[in-house]
Every structure is written in structure tokens, then in C-alpha cells.
Amino acid sequence: MNLLNNQKFRGIFFQLLTVIGLVAFLWYITTNMFHNIEQRGITTGFDFFGQIAGFGISESPIPYSDQTSTYFDAFKVGIINTLIVSGVGIFFASILGVIIGVARLSKNYIVSKLSLGYIEFFRNIPILLQILFWYNVVLAALPKPRQSIQLASDMFLNNRGLFVPKPIMEAGFTFVIIAFVLAIFVSIFLVKWANKRFEETGKESFLLPWIVLIIVGLPLGVYFLSGSPLHFDYPALKGFNFRGGMSYSPEFLALTFALSIYTATYIAEAIRSGIEAIPKGQKEAAASLGLSSYQSLKLVILPQAIRIAIPPIINQYLNLTKNSSLATAIGYPELVTVFAGTCLNQTGQAIEIILVTMLVYLTISLTISFVLNIINKKMEIKGR
Amino acid sequence: MAVYDLKPTREAPSNLRGPIKWVLENLLSTPLNVALTFLGIAFLFWVIPPFIQWAIIDANFVGTTKADCTGDGACWVFIHQKLTLFIYGFYPQDDYWRINSAVGLAFVFGAIFKYFGRSFITKILIFSLYPIVAYFLISGGYFGLETVPTDKWGGLSLTLIIASVGIVMAFPLGVVLAFGRASDLPIIRNISVVYIEFIRGVPLISILFMASVILPLFFPEGVSFNKLLRALIGITLFQAAYVAEIIRGGLQAIPKGQYEAADSLGLSYWQKMLLVILPQALKVAIPNLVGASIALFKDTSLVLIIGLFDLLAMVHLTGSDASWMGFDTEGYVFVTLIFWIFCFSLSKYGKYLEDRFNTNNR
């Protein structure tokens, strides 16, 4: 019998061939790499993490100084800024995306066509172009601090960024936070109780006002009881710029604007296709069971639509996080700008730095897909 | 016997027919709808007239220098003066015809492909001949054509080159990876999975950095890639992972019976996959493949960050030209328009393909 015609043997043979080829290729490039590194006198290893970085970072949520902080501190600042800009971007992209997606399905012709226009316009323009546009055209055209646009009594927008009051929490504020968390737990318990009662007796309970009362009222009551332990530090114009308060840099604003507006188009499409994917018969069946249109939406359509829409939406969250790396084009100090940019240029250790950068993004991606898998498992139609 | 004339039917009341009914139903059905309609109209009034004012009424179209832009509106003179730069980059002016004819040849080859590409072999032949011809035409060095180094390439032509090379080269690699991921052989499957998940988990910009900084270290001294080739390798490796995932989705839609039927006909693995499975899987995957191609076309603008001068980078660069300061907006609007037209028509084409294949299935 010819060995090559034996399926088992062929399987092992071809896999062996692949492994040998891959190993040979990897061996070839690593030997070349080590040779080249030696030739060019590039240092290797991760010792640089402990060295003083010696460069400044314009925005840092954690203490960082160009005198004493190490490359590892710079790396941490980069990761935190990436997470902040992604988190804020995801928040606004979700809100905008839901609004646009629902508007797309509106029976109102103008509203529906406007959101279609929004989706088709922003989706077909490269995200990098949008970031550059917001940064170089819109935000650069803002007035100087002295002529700031006053958005609200203590909110100012100018070409240095957005300035808002900074909340300062005193010791007693912890109780308010505890009360808030407690209120959420109580609400969850209430909803569960109402669902159970509905399933057992068929009686509906109209909980929304109660939940609002608990979530707003409980923390508010504790706040006043503990003597209003919160005050604000207001931004004020001093010299050529604002001092005090909290500020968001133009880079940050441009990046969050562009990322939210761009990603919202995809989220809107996911929501629209999720709702449209539900067969018409479902709605008709709900109607013939005598459910009101609100009930049919809440109990029949949305549970199915969300199941379809959530995986693509979470994928878009992931894309947004990856796209935040384009901050490097406008210099917002996130991971790629700080670490794969400045740190790489100063140390010259491209291999280690790019590898670590990739690993950070990979970790974020794998975490998000892990969460997605859990959600998918939970959402799976349980039957039969 | 009395004869009764049939009275003509009365028309429905005016609010139940024609445009009035449409407006009542679609715009003014509920108080909320009325409010939304007025908000929408207000929004349109807020956005469109100022834009037309800026882009057309107050704009300057003719002239040669910045001084000719006297209006308050857009200065399209800037775009007009820099247009060749935006399209051809720093390519020598006398040789623009080479890029033009490369684009023209694409259509010629497309026609040849359609009418003479009978068998699989001729199709592949025609398909792979074009890039070679186009490369020699644009790059030069043979047949009396002057060599134009790749750092002179730029503008829209470079964007198109990067996008088309990325899309075309990533396809075979993606197919192989998809087959690998769907394979029964554990080692091959795991290698494919690791590759695909790794690439899809990191941003394109990090892969471009890797291609431009680390890739040269992987090869012996003396072997050197130019910047463009490095970017192309990076983009191809990146896109292949996405193509692989899409094709895998197509493969999963193929019923098991198709595999078994091919096996029972005695086809070899590659015959089975290429002649039976892949054509059906592609049919399912085409809309998503078009989507991925649009994404790649948009992503080509990222080469700006590693120092190649594609369309966006050219506009970005000329925006800081001393004699043309302050025309960023016009430049960005122009690039937006170009990208939008390309991406929108591609997406419409994808939709058309989707509909066509859908009817075939019925």
C-alpha cells in the first residue's frame, strides 16, 4: 500500500512539513535579527523599563515627572490614556449610535433619511482624516482663551481645550457613593422581585418611578445629611490661560469626537440590522396575543434584536480601542504616541517596544472577546 | 326599463391620498413626529445653506495664487493649483502618462479578462499579468523608461496602488489561512488561529511600525526593502487575517454534504476545496469581502504615519506650504470627497453583488 495515500500518514506528514518550514523560517529570521542587532550595536532586553525616561508628557492621570519617572511610568501613562480615551469614546459612541440607529428606523421620513445620511457620510471617510479634520480645522479655529466660548456658567471652550469645574470630594462623600451603590442593588432586587411576581401571578408592577426615586433620592438624602461634602474648583482666566478646574486638551477632544462619531455609524447599523432581522411574524404574533406595542417591543422584539446586535457592537468597541492608536498623528499621549513613539526613538529598542505594544492591545482584545463569549453564552436561546 | 348611468367614483378625501396623505403619515402623524420633523428641517437649514454659501457662492474658483482668493468662502484655487500633486505625488511631470496608462490598462485587462478568461488558467494568467505590466510601467527602468524610485510615488495614485495591492495579495493568503483554520489537522489549524487572532487583535498602525522598523532586521544585510514595499507587506499580512475570517464564515455556511459529495467523487483535497467548496463559500462571503476592501481602502491613509505620501499625506503636507497657508479646510474637504466617492460606490457595488447572489439562491 502506498503510504502517501494513507490519510492518517498524510495528515502527520503535511503537518510535520509545515512545522519544519515554520521553524526553519523563524530560525532564519531570528539569526538574521540577532546578527543585525549586534552589527548595529542595539541594546537588547527590558532593562530600559527601569531607566529615567526624561521626557515630559502633556497629560497624565497619574503622577509623572520628566525628572524622576522611568520608562515604565511612561508606559503606564500610555496605557491609562489609551483606556481613558477608549472608554470615553465607547460611552459617547454608544449613546450616539443608539440614537442614530433608532432614528434610522423611525417612521418619520426626514429623521430616517437624516440618520441614513449621517451613517453613509461618516462611515465612508477614513477615521484618520476625521481625526485630523477635527484637530486641524475645527478645534484650531476656536478662539484664544481670552475670547473663550462660554458653554455654561463655568464651562469654557477655547483653542487650549475644554475647561470644566473640577469636583472635589471631601471625606463624607464616601457615604454618598456607598448610598448610590446600595440604591443600585436595591433596584436590581426590586426588578427581580417584580419579574418573579409577574411570572407567578401575571400582575405587572410599574417600577420605574420607584427606581428613579431610590437611585436619585437615596444618594441625595445622604449627601445633604452628611453636610454637602462636595465642592467645585472652578476654572478662571489668569494671564493667558485658564487655571484651576479640569481641562481636556484639544487632542483629547478631537480624538474622542472623531472616534465616537465614526464608531457610532457602525453601532447604529448594528442596531438597525438587529431590529430588522426579527421576522415580521414575531411582531404579528405578539400583536395577536394582545400585547401592546410597548409590550411587544420590550418582551418580544428587543430581547431577540439585542442578541443579534450585541456581538457586532462589542466588535466595534474593540475597533474603537484599536483606532485610538491613531492619536499618534495628533500627539495625544496614549500608548502608541508615548511608548511606540517617544520611548522607541529614545531607546532605539524597536523590537521589544513594538512587541510589548502589540501585547497590550492583544490583551485588551482578548479580554473583550472573552467578555463577548460570556455574554453570548448568557444570551443564547435556551430551549430544547 | 330605466337605464341608470354609473356615477363616476368620488375621489378619496384629499387628506387620504396623494402628497398630503404622505406628509400626514410620514411627517406629522403624532406630536412627537411633528417636533422631529421641524427639528430635522431646522438642522438642514442650519447645515446646508452655510455650506453652500462657503463652498460655492462665496468661493473663488479661478486664479493661480493665494491673492486670487478674495471671497470669504472656500479657495478652490488651492485645490486646482495643487491637483497634480494630490493625484501624482512627486512623480516626474513628464511621466504622468505612465500612471494614466496604467489606470487605462486596468480597464483593458478587465475587458480581456471578461471576454477571454475562459478557463481557470487563462484567468489567473491575465489577472497576474496586469500587476507586472503596471509595475514596470510605473516604476520604469526597462524599455527606455526612466526609473522612478518609489519615494517619488504619491498622492491618489499611491493610495490606489497600496489599496489594490493589499486587496489582491491578501486574498490568496487569506484563503490559505481560512482553509488552515477549517482544517482537521490540529497543528495547521492552531497555527492559523494564532496568526489570525494575533493580527486581528492589534491595530494596523502597530503592524505598519513593525513592518517599517523591524522587518528589515529579519533579513541578511544587503537585502533591503524600500519603505513602500515594507508598508505593502505589512498591509497584506494585516488584511489577510481579516479576509481569512470572512472566508471562514463562508466555509461554515457550506453544508457538510458538499464536502462528502466531493470526497465520494474521489476529488483530492485541493480539488475539493478549490472547485467545490470555495466557489460556494465566496458567494456567501462576497458582501463582507467588499466591506473589508472598503475598510482597507480607508486604512491606507495610515501610511501617512510611517512617512509615505498618499493622498491624505499630500494634502496634509501642502497645507503647511508657506505660500498656501491656511487652506487646510479646502484640502480636507477635497480628500473627504475623493475617499467618500470611492468608498460609497464600492459599498453600493457590494450591495448590488449581494442582491444578485441572493436572487440566484432562490
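A few remarks follow.
- Entry note, the protein assembly as shown: the mean residue ellipticity at 222 nm calculated from DSSP H runs of n ≥ 4, each adding -39500 (n - 2.57), is -21000 deg cm²/dmol after division by the residues and rounding to the nearest 500.
- Gaussian network model of chain A, Cα within-10 Å springs - most flexible of A:ILE354, A:ILE62, A:ILE178: A:ILE178
- Relative to the Cα centre, the charge distribution of the protein assembly as shown, modelled as +1 at Lys and Arg Cβ and -1 at Asp and Glu Cβ, gives a dipole magnitude of about 2340 debye.
- Cysteines (scope chain B) whose Cβ has no counterpart Cys Cβ under 4.7 Å: B:CYS343
- Counts of other chain beta carbons within 10 angstrom of each beta carbon in peptide B:341-350 average 2.
- Protection proxy ranking for B:344-356, A:106-118, using the average of other Cβ atoms within 10 Å per residue and placing the highest first: A:106-118, B:344-356.
- A simple count of charges around A:PHE55, restricted to other residues whose Cβ falls under 12 Å of its Cβ and scoring Lys, Arg +1 and Asp, Glu -1, yields -2.
- Residues B:ARG118 and A:GLU170, FRET efficiency given R0 of 60 Å [Cβ-Cβ distance, rounded to 0.05]: 0.15
- Net charge, B:PHE342 excluded, C-beta distance under 14 Å - Lys, Arg +1, Asp, Glu -1: 0
- About the Cα centre, charge dipole magnitude for region B:167-271 (Lys/Arg +1, Asp/Glu -1 at Cβ), debye: 240
- Cα gyration tensor, the protein assembly as shown - rounded (a/c under 1.5), prolate or oblate: rounded
- Modelled label reach - A:LEU207, point 7 Å along Cα→Cβ, region A:284-319 residues with backbone N closer than 16 Å: A:298-299
- Across region B:216-250, the residues whose backbone nitrogen lies under 11 Å from the label position 7 Å along the beta-carbon direction of A:ILE351 are B:217-219.
- Neighbouring Cβ atoms from other chains, within 10 Å of the Cβ of residues in A:132-140, number 4 on average.
- Pairwise FRET efficiency - B:ASN15 versus A:ILE95, Cβ, R0 = 35 Å, nearest 0.05: 0.40
- The modelled label-to-label distance between B:LYS227 and B:LEU28, using points 7 Å beyond Cα along the C-beta direction, is 6.1 nm.
- Length released on extending from A:TYR109 to A:ILE12, taking residue separation times 0.36 nm less the Cα-Cα span: 28.8 nm
- For the pair region B:63-86 / region A:313-354, the C-alpha centres are spaced 36 Å from each other.
- Chain A: relative contact order in percent, alpha carbon pairs under 8 Å with at least 6 residues between: 22
- Exposed GluC sites (Glu not before Pro) absent - longest run of chain A, DSSP non-H/G/I/E/B, at most 14 other C-beta within 10 Å: A:205-379
- Pairwise label distance in nanometres, B:ARG356 with A:ASP154, each label 7 Å out on the Cα-Cβ vector: 6.3
- A straight line joining the Cα centroids of region B:1-42 and region B:318-358 runs 41 Å.
- A cut-off under 12 angstrom between Cβ atoms defines the neighbours of A:PHE242, and their net charge, with Lys, Arg +1 and Asp, Glu -1, is +4.
- Region A:87-121 and region A:130-171: distance between their alpha carbon centers, rounded to Å: 25
- Applying the criteria of a DSSP loop state and at most 15 other Cβ atoms within 10 Å to the trypsin sites (Lys or Arg not before Pro) of region B:53-156 yields B:ARG118.
- Tensor-based shape of region B:14-57 (alpha-carbon gyration tensor, a/c under 1.5 rounded, otherwise prolate or oblate): oblate
- Length added when fully stretched, A:LYS377-A:GLU120, from 0.36 nm per residue minus Cα-Cα: 89.2 nm
- Three-way shape label, chain B, alpha-carbon gyration tensor, a/c 1.5: oblate
- DSSP bridge orientation in the protein assembly as shown - percent antiparallel, rounded to nearest 5: 90
- Projected label distance in nm at A:GLN51 and B:PHE51, using a 7 Å step from Cα toward the beta-carbon: 5.1
- 10 Å Cβ neighbours from other chains, averaged over peptide A:322-328: 5
- Computed from the Cβ-Cβ distance with R0 of 51 Å, the FRET efficiency linking A:SER288 to B:LYS66 stands at 0.15.
- Taking 0.36 nm per residue of separation and subtracting the Cα-Cα distance, full extension of the segment from B:PHE38 to B:PHE218 would add 58.6 nm.
Read-outs throughout are calculated quantities, based only on the coordinates presented, and are distinct from any laboratory measurement. Predicted, not measured: the structure shown is a model, and the values here were computed from it. Here the Cβ is made from the backbone with ideal geometry for all residues, glycine too, and neighbour counts use every protein chain on show.
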